[in-house]
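This report refers to the structure that appears directly beneath it.
Taken together, the values in this text are just the output of simple stated rules run on the coordinates, not laboratory data. Quantities reported herein were computed from a predicted structural model and do not represent experimental measurements. Counting neighbours? That spans all protein chains shown, and the Cβs are built from the backbone with ideal geometry, glycine included.
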Amino acid sequence: MSFIIEKVISIAAPNQLSLFQKFLASRNYLLPLSLIKTIEKFPNETSLFYSKKIYGNEKPESLKNLNQLAHHTFKLSAFLSQNFPNYLFNQFQLIDLLLFENKKSEALEVITQLLDVAQKLEDFTTLTKLYEIIQQHFLAYSRTLPKNHLQDAFKHQEILLSIIKTQDDLVRNTEHSSTKNIQKELAFFKQHFSSKSKSVQLIAKQSYLNLLSHFNHKEFYLKETLHLIKSTSKEIENHPYLLITKYSEKMMTLDYMYLKHTRLVLDEKEMNAACSKIIRKWRTVYSTENRIDTGLFLALSIQGSYLITNYYYNKINSTFTQNINETVDLCESLLHKIDWDKEGFLKHINFCNVYAIFLILSNQDKKAIKLIESMLHQYQQKSFKKLYDGLFVILIMGYLKTKQFDEVVTTYSRYKKLTKDEISIVENDLIIKSMYYVSQLKIQKKKQFQQKLDSVIAELRTDAKLKNNLLLVERIINAII
C-alpha cells in the first residue's frame with residue numbers, strides 16, 4: 001500500500017467507512033468519494049491502476065493529481081478521527097487471532113499498516129499497545145523502530161492528558177481563580193510549544209490561549225497573541241486527522257478567540273469574511289456536533305447583523321445568496337439537533353432570533369415570523385428583557401416584508417408594553433420606530449408620523465457609527481412609501 005488513505009480504508013469498520021462515504025457525498029466531495037469506493041472495491045492496486053480508474057488515463061499529470069487527491073482524502077478522513085476516535089482498535093482483535101494461529105507474518109503486516117496510521121494520527125494509546133505487542137512477539141522488527149519509541153509514546157500521552165486536565169481544572173473553577181495565579185500554568189503550557197509531537201504542541205497552544213481569553217488576561221489582546229491564534233488554527237486545519245481533534249470543544253475555542261480579539265479592529269467586510277470562514281468550517285468539519293458552540297454562535301450573530309443591516313430591502317449577490325441558504329440549512333439542523341433544555345432558554349431564544357435573520361434574508365419571512373412568535377409564546381413566563389429589542393426588530397422586519405402593516409402596528413404596541421422604554425440597543429429601537437412610522441404612514445398618512453419618522457432619521461444622522469442603520473431606514477422608506 002502506497003497511500004496512507006488505503007491503510008485507513010482497510011482499518012475502518014464497514015459501518016464507519018459507510019458513514020464516511022455518506023459524509024463525503026453530503027458535502028459534494030465527489031472525487032474523494034470515488035477514490036474511496038475504488039480502493040474499497042480494488043484494494044492493493046498500483047497508482048497506475050487507480051489513476052486509470054479515477055481519471056481515465058495513466059498520464060504523469062493524472063498520477064500527480066492522484067497523489068494530491070489521496071492526500072486530500074486522507075485529510076478528510078479526519079471525520080473518522082473526530083467521530084470514531086477508537087477506530088484503529090478495530091484491528092487488535094484480528095492481530096490477536098493471527099498471533100493465536102501463529103500467522104506471524106500476516107500479523108506483522110497488519111501491525112505495520114496500523115502503526116503507519118497511528119503514527120500519522122499521533123494516537124499514542126494505539127501506538128503504546130502496538131509497541132508492546134512488537135516487543136513481545138517481533139523483537140527483530142522492534143530494533144528497526146526509533147529509539148525509545150515506547151517511552152516516547154507514553155510520555156507524549158501523559159503530557160497531553162496533563163495539559164488537558166490543567167486547562168479544564170482552571171476553566172471549570174473560575175470562581176477560585178484569577179489572572180494573578182495562572183502564570184505557572186501559562187509557563188507550563190508554553191514549555192511544550194516546541195514538543196516533538198504536533199498534538200502536544202497544538203493542545204498546549206490552545207490551552208495557553210484559552211486561559212488568556214477565559215480570564216481576560218492583558219496579554220490576550222497583544223498582536224503576538226493574535227498571531228498565535230491564527231497560526232494555531234491554521235496548523236489544526238492542516239492536520240485535521242490528528243486524534244486531538246476529537247476534543248472538538250477545545251479546537252472550536254480558537255474561532256471564538258479570533259472573533260473576540262478582532263471584532264473591534266476589523267472593518268465590517270473583513271469581519272463578515274471571518275465569520276463566513278468559521279460558519280463554513282463548522283458546517284463541514286463539525287457537522288455532527290449536537291450543541292451550540294460559542295465561536296459559531298458569535299460568527300452567526302455578527303454575520304447575521306451585518307447582512308440584515310446591509311441587505312434588508314437590498315439586492316443580494318449570488319455568492320451571499322448561496323452562503324445564506326447554506327446557513328439556513330445549518331441553523332435548521334441545529335434547531336432540531338441541539339438539546340435546548342440543557343443549553344438553556346436564553347441561548348434558545350438568541351439562536352432562534354439569529355436563525356430568523358437568515359430566514360428573512362432568504363425570503364422565508366413567514367417562517368421567520370412564526371419562529372419568533374413561538375419563542376415569545378413559549379417563554380412568556382420567563383424574564384428576558386434585554387433580548388426584547390433584538391427579537392422585535394427582526395419580528396417587525398418580517399411583518400413589514402410581508403406587507404402586514406397592521407401587524408407591524410400591533411407588534412410595536414406589544415414591544416412598547418413589554419420594554420417600558422428600557423432599551424438594550426438604541427439602534428434597534430430606532431429601526432423599530434422607523435418601521436412603525438412607515439407602516440402608519442402606509443395605513444393613514446398622518447403628518448405626525450412623518451414628523452416622528454424625520455426625527456428618527458435626524459437622530460441616526462448625528463452618529464457616524466449608525467450610517468449603515470441610516471441607509472437601512474432610507475431603503476425601507478423608499479421600498480414602502
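Odds and ends about this structure:
- Computed extension length for A13-E270: 88.2 nm, one decimal, from 0.36 nm per residue of separation with the Cα-Cα distance subtracted.
- Under the Debye formula (equal points on every Cα, no solvent term), log10 I(q)/I(0) of the stretch 383-481 at q = 0.12, 0.16 Å⁻¹: -0.35, -0.63
- Put simply, the convex hull of the Cα atoms in the stretch 350-441 casts, on average, a shadow of 5.3 nm².
- Between 0 and 90°, nearest 10: helix 149-172 axis offset from the chain longest Cα axis: 20 degrees
- Label point distance in nm, K465-N28, each placed 7 Å from Cα along Cα→Cβ: 3.9 nm
- Longest DSSP-loop-exposure-free segment, GluC sites (Glu not before Pro), the chain, at most 10 other Cβ within 10 Å: 102-421
- Virtual spin-label span in nm between D421 and K59, 7 Å along Cα→Cβ: 7.6 nm
- Sparse packing (at most 14 other Cβ atoms within 10 Å of the Cβ) combined with a DSSP loop state is found for the following chymotrypsin sites (Phe, Trp or Tyr not before Pro) in the stretch 116-223: F193.
- Averaging Cα coordinates gives a centre for the stretch 214-253 and one for the stretch 112-147; these two points are 30 Å apart.
- Principal-axis tilt of helix 124-137 within the chain, Cα atoms, nearest 10 degrees: 10 degrees
- Mean projection of the Cα convex hull over all viewing directions, computed for the stretch 336-397: 4.1 nm².
- Based on alpha-carbon atoms, the Kirkwood radius and the radius of gyration of the chain give Rg/Rh equal to 1.07.
- When you filter the trypsin sites (Lys or Arg not before Pro) in the stretch 402-481 for DSSP loop state and at most 11 other Cβ atoms inside 10 Å of their Cβ, you are left with K420, K445.
- Charge context of Y313, other residues only, Cβ under 15 angstrom, K/R +1, D/E -1: +3
- Each pair of Cα atoms in the stretch 266-366 enters the Kirkwood radius, and Stokes-Einstein at 20 °C and 1.002 mPa s then converts it into a translational diffusion coefficient of 156 µm²/s.
- Size descriptors for the stretch 4-154 (Cα atoms only): Rg and Dmax, in that order, 16.7, 47 Å.
- Loop-located trypsin sites (Lys or Arg not before Pro) in the stretch 176-232, at most 11 other Cβ atoms within 10 Å (DSSP): K196
- Computed from phi, the 3J(HN,Hα) profile of the stretch 389-396 under the Karplus parametrisation 6.51, -1.76, 1.60 (θ = phi - 60°) reads 5, x, 5, 6, 5, 6, 4, 5 Hz, with x in place of Gly and Pro.
- Across the alpha-carbon set of the stretch 63-112, the Rg to Rh ratio works out to 1.17, Rh being the Kirkwood radius.
- Annotation: the stretch 111-230 has a Kirkwood hydrodynamic radius of 16.1 angstrom, from the mean reciprocal C-alpha pair distance.
- Computed from the Cβ-Cβ distance with R0 of 30 Å, the FRET efficiency linking S194 to R143 stands at 0.55.
- Estimated FRET transfer efficiency when R0 is 25 angstrom, pair D168-K75 (beta carbons, to 0.05): 0.35
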